[in-house]
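Asker: Have a look at this one before I ask anything.
The values are calculated or read from the model by the stated rules, or taken from the named source; none is laboratory data. Owing to the predicted nature of the structure, the values given are computational and were not obtained by experimental measurement. We place every Cβ from the backbone using ideal geometry, glycine too, and count neighbours over all the protein chains shown. We work out accessible area using only protein heavy atoms, side chains counted, and drop any ligands, DNA or RNA first. Shrake-Rupley method; radii C 1.70, N 1.55, O 1.52, S 1.80 Å.
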Amino acid sequence: MAAPQPGSTSSSQPRPGDSFIERFTALVRGSPKRRVDFELRALDVILSSLLLILASPLIALIGLALLVTSGRPALYRGQRVGKDGRIFDMLKFRTLRPGAEERLGPYLGPELVERTRAETTRLGGRLRAMQLDELPQLWNVLRGDMSLAGPRPIRPRFFEQLAGELPAYWQRLVVRPGLTGFAQVRRGYETSMAEKLAHDLEWIADRSVPLYLRTLVSTAFRIAGQTLKSLVRADH
């Protein structure tokens, strides 16, 4: 998802009503518990801790570069819907121009992707191309808001809208949202929401340790390819 922008506060974003959250939470509680979820959570903790340690110099460097080029804040915090319908603050490096949140607020899907490109700063564009803007989400994974693999998190206002349009959409609440997922690995960010949901439901149904690891490896290769293309374009 695109990251709205500076100076924004999570409290300014509309939230689903209490009855909405309670309705879907009740459905999720009725879903069978699976041992694999405990295994995947253990992997999340181990891998996110390791990645945070290894990436800490890069995270500090990016944060400093953003402060110098764009000012404060270096981080964007946006409300997202997590497992069991819990609302949490997702972290990202700030990549958009001032006031972008208000301008992008009404949009979703491919139109949001297109309009976000026009709002992206020069440094933000480089970070997004290499997906380095999402490094702070490793902290979301470590503290249990997210997983390394799963359906991408979505804003509360859009979750309520999509849950009304796509009857199976609530099933995304069965698992933690992911830093990466099937839809992003297979089709990219401009796929329709219905297509993304089909991939998400496949992940939820078939989730396993081998599938989790394959998804992370596929994501690593995809990011490496995007980074190489970004560097090649920068040289021309």
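Asker: Phe20 fails exactly one of the following numbered conditions: (1) over 18 Å from the mean Cα position of the chain (by Cα); (2) of a type in the set (Phe, Trp, Tyr); (3) at pLDDT 90 or above. What is the number of that condition?
Answerer: Of (1) over 18 Å from the mean Cα position of the chain (by Cα); (2) of a type in the set (Phe, Trp, Tyr); (3) at pLDDT 90 or above, only one is false for Phe20: (3).
Asker: Before we move on, is Ala100 at pLDDT below 85, under 18 Å from Glu134 (Cβ atoms) and out of contact with any Gly (no Cβ under 6 Å at 6 or more places or on another chain)?
Answerer: Here the answer is yes, as Ala100 does meet what is asked.
Asker: Considering the range 40-57 alone, what residues qualify as being more than 19 Å from the chain's Cα centre (by Cα) and open to solvent by less than 70 Å² (accessible area, probe 1.4 Å)?
Answerer: Ala42, Ser56
Asker: Okay, next question. Output the number of residues of the range 182-199 satisfying the condition of being at pLDDT 85 or above and among the small types (Gly, Ala, Ser).
Answerer: Number of matching residues: 2.
Yes/no per residue for (1) modelled with pLDDT of 90 or more; (2) surrounded by 15 or more Cβ atoms within 10 Å (Cβ to Cβ):
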| residue | (1), (2) |
| --- | --- |
| Arg117 | no, no |
| Gln131 | no, yes |
| Gly144 | yes, yes |
| Pro156 | no, yes |
| Val175 | yes, yes |
| Thr180 | yes, yes |
| Leu201 | yes, yes |
| Asp206 | yes, no |
| Leu211 | yes, yes |
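Asker: Next up: Between a first residue in the range 157-184 that is of a type in the set (Phe, Trp, Tyr) and a second residue that is in a strand (DSSP E or B), which pairs have beta carbons less than 6 Å apart while being 6 or more apart in sequence or on different chains?
Answerer: Phe159/Val81
Asker: Is at least one residue of the range 73-83 open to solvent by 30 Å² or more (accessible area, probe 1.4 Å), at pLDDT below 80, part of a loop (DSSP other than H, G, I, E, B) and of a type outside the set (Ser, Thr, Tyr)?
Answerer: No, that holds for no residue.
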